[in-house]
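No lab work stands behind these numbers, since they all come straight from the coordinates. Treat the numbers as computed from the prediction; the structure is a model and nothing was measured. Cβ atoms come from the backbone with ideal geometry, glycine included; neighbour counts cover every protein chain shown.
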């Protein structure tokens, strides 16, 4: 079975929500009482917010890629980042990642499209709210 690598900790509640959702979804599909293998790298939100506030994009990319390398070495087969704000640099991180990555932004936009929603709300850090990365990704599905 594939091992999931999750970068979390930017919002511990979101990390918990994704963890629970992964287990619930797995248990609905695999009814043998087992759980998916999930490796969580909990990171410091203050570092993230400082890098973003100072627009240190290269350092942010390196920091995220380093964490993905740790997850890869720990045995993860693919990964995702359980917070919106780091997706500001997702494309660059994805290019350098040792793991295939799932984008929560891309998956959210796909879901919006599947439901044919015309208007949605987004809550996030000021950096997420001031950035246009959600709009750019969702525009691909119009």
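Computed from the C-alpha gyration tensor, the three semi-axes of the ellipsoid equivalent to the stretch 45-95 are 20, 10, 10 Å, from longest to shortest. Residue ranges 67-78, 123-134 sort as 67-78, 123-134 when ordered by packing (mean number of other C-beta atoms within 10 Å per residue, highest first). At q = 0.09, 0.15, 0.23 Å⁻¹ the log10 of I(q)/I(0) for the stretch 3-103 amounts to -0.22, -0.59, -1.22, computed by Debye summation with a single uniform scatterer per C-alpha, solvent ignored. Cα centroids of the stretch 15-53 and the stretch 116-142: 22 Å apart. Once you have a ≥ b ≥ c as the square roots of the Cα gyration tensor eigenvalues for the stretch 91-142, tell me rounded if a/c is under 1.5, and otherwise prolate or oblate according to whether a/b is larger than b/c. It is oblate, given that a/c is not under 1.5 and a/b is not larger than b/c.
The distance between label points at residue 123 and residue 24 comes to 1.6 nm (points 7 Å beyond Cα on the Cα→Cβ vector).
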